[in-house]
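Here the structure is laid out as structure tokens; the discussion comes afterwards.
The values are calculated or read from the model by the stated rules, or taken from the named source; none is laboratory data. Everything quoted here is computed from the prediction, not taken from an experiment. All Cβ positions, glycine included, derive from the backbone under ideal geometry; neighbour counts span all protein chains shown. Heavy atoms of the whole protein, side chains included, go into the accessibility calculation; ligands, DNA and RNA do not. Shrake-Rupley method; radii C 1.70, N 1.55, O 1.52, S 1.80 Å.
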Amino acid sequence: MKTLALVVPCYNEQDVLPYFYDEISRVIAVLSEDYRTELVFVDDGSKDKTLPILKDLAMRDPAVKYISFSRNFGKEAAMLAGMDYAVHADYIGILDADLQHSPDLIPEMLRYITEEGYDVAAAKRSDREGEGKFKSFLSASFYKVINKISDIEISESAQDFRVMKQDVVRSILSMPENIRFSKGIFTWVGFNVKWIDHKNRERAAGNTKWSIRKLAKYAVDGILGYTTSPLRLSFSCGIFFFFCMLAALIYTLVRFCIDHTYNGTLPLVFAAVFFTGAVILCCLGILGEYLARVYTEVKDRPKYIIAQTNTLKNNILEKEF
Ligand code: UDP
Ligand code: MG
């Protein structure tokens, strides 16, 4: 029998977890003829009753595993911990706990992989219903920018909701970076991906965990993680301003040669000082961003810390199945 592990990142999801468990259990029952399924909940440092609920589920259902972080490390870290643990399954799925990712789609995803030879089946949202206009606009602009200036092509509507073969997950885990931007990583590893249209559902309960600040950080990480062109941009700006300055100097010199009483140097000097100042600051700012990233990568801190779990990392699936 094939094995399937479903990774579910959870952050303060006490309201929605009972509904989620009911719905996913129905899907697991449907799949039970062909798959042994394990549910890998990753509690990302929740402050509500998420962990007690998960413990309770784990007591009643041996297929429920939980990994609980020592604090909130973010959804990226939660997905990573889940994949680290689940990598021994034949197929690994990831879905949100809030039921915005319909569990009903999982059997179809598995079919594409097992019957049609795809390595990954991933959801693409067919609309942005249930999302604010401002958030949609920001998100669309972000993907336009990242696709224009980076080497990889990330679809705006791609979601983290997906089922992957073990090989794909191994490739994802082989990427060592600390600042993780999964949409980029999923695209970067390649493989044969089947995109499935998926209508965006409203959250079943609870609130979104993304603030504009968190999203902005996510966007910057995404862009700087996949391109070094901002570095080149600052260099081009530097060259451009250098020529501007040269032109201004020549202009002043020529005017002075024609008319010895001309005195336009002072404003020019001011302009030049402002220009160079701006350029240097810009370049320093961009360099600083990259430097900060190099610093974070070099420190190589653990990407998450597990405080409590009912699993031993990476070996339960091997032993149990
Ligand atoms: N999540 C997480 N850690 C965080 C933020 C979110 O594990 O710091 C989980 C959350 O519990 C949910 C999923 O990531 O299962 C998506 O989060 P959310 O629904 O808040 O995002 P949205 O759907 O609004 O983009
Ligand atoms: Mg959600």
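The residue list Ser234, Ser182, Ser174 contains one member that is hydroxyl-bearing (Ser, Thr, Tyr), under 28 Å from Asp90 (Cβ atoms) and in contact with a Leu (Cβ under 9 Å, 6 or more places away or on another chain), which is Ser182.
Entry remark, the range 93-105: residues being at pLDDT 95 or above and either under 14 Å from Tyr35 (Cα atoms) or more than 11 Å from ligand 1 (Cβ to nearest atom) (or both) number 1 in total.
A single entry from Val87, Val64, Val145 fulfils the requirement of being farther than 21 Å from His198 by Cβ, modelled with pLDDT under 95 and in contact with a strand residue (DSSP E or B) (Cβ under 8 Å, 6 or more places away or on another chain): Val64.
Any idea which residue in the range 221-259 is farthest from Tyr290 (Cα to Cα), counting only those that are among the β-branched types (Val, Ile, Thr) and open to solvent by less than 60 Å² (accessible area, probe 1.4 Å)?
Filtering the range 221-259 for residues that are among the β-branched types (Val, Ile, Thr) and open to solvent by less than 60 Å² (accessible area, probe 1.4 Å), the one farthest from Tyr290 (Cα to Cα) comes out as Thr252.
Can you pull out the strands (runs of 3 or more DSSP E) entirely within the range 72-171 that have at least 3 residues that are open to solvent by 20 Å² or more (accessible area, probe 1.4 Å)?
On the way: elements: 91-94, 120-125, 158-165.
In the range 72-171, there are no strands (runs of 3 or more DSSP E) which contain 3 or more residues that are open to solvent by 20 Å² or more (accessible area, probe 1.4 Å).
Checking the stated criteria, Glu23 turns out to be part of a helix (DSSP H, G or I), touching a residue at least 40 places away in the same chain (Cβ under 8 Å) and within 16 Å of ligand 2 (Cβ to nearest atom). Restricting attention to the range 45-74, the residues being within 14 Å of Ala97 (Cβ to Cβ) and aromatic (Phe, Trp, Tyr) number 1.
Considering only residues in the range 30-71 that are within 16 Å of ligand 1 (Cβ to nearest atom) and among the aromatic types (Phe, Trp, Tyr), the one that is most open to solvent (accessible area, probe 1.4 Å) turns out to be Tyr66. Beta carbons closer than 7 Å, at least 6 apart along the sequence or on distinct chains, pair a first residue in the range 226-241 that is farther than 21 Å from Gly277 by Cβ with a second that is open to solvent by 70 Å² or more (accessible area, probe 1.4 Å) for Tyr226/Asp151; Thr227/Asp151.
Condition first: farther than 30 Å from Leu231 by Cβ, modelled with pLDDT under 80 and surrounded by 13 or more Cβ atoms within 10 Å (Cβ to Cβ). Now tell me which residues in the range 292-317 satisfy that. Answer for the range 292-317, where residues must be farther than 30 Å from Leu231 by Cβ, modelled with pLDDT under 80 and surrounded by 13 or more Cβ atoms within 10 Å (Cβ to Cβ): Ile316, Leu317.
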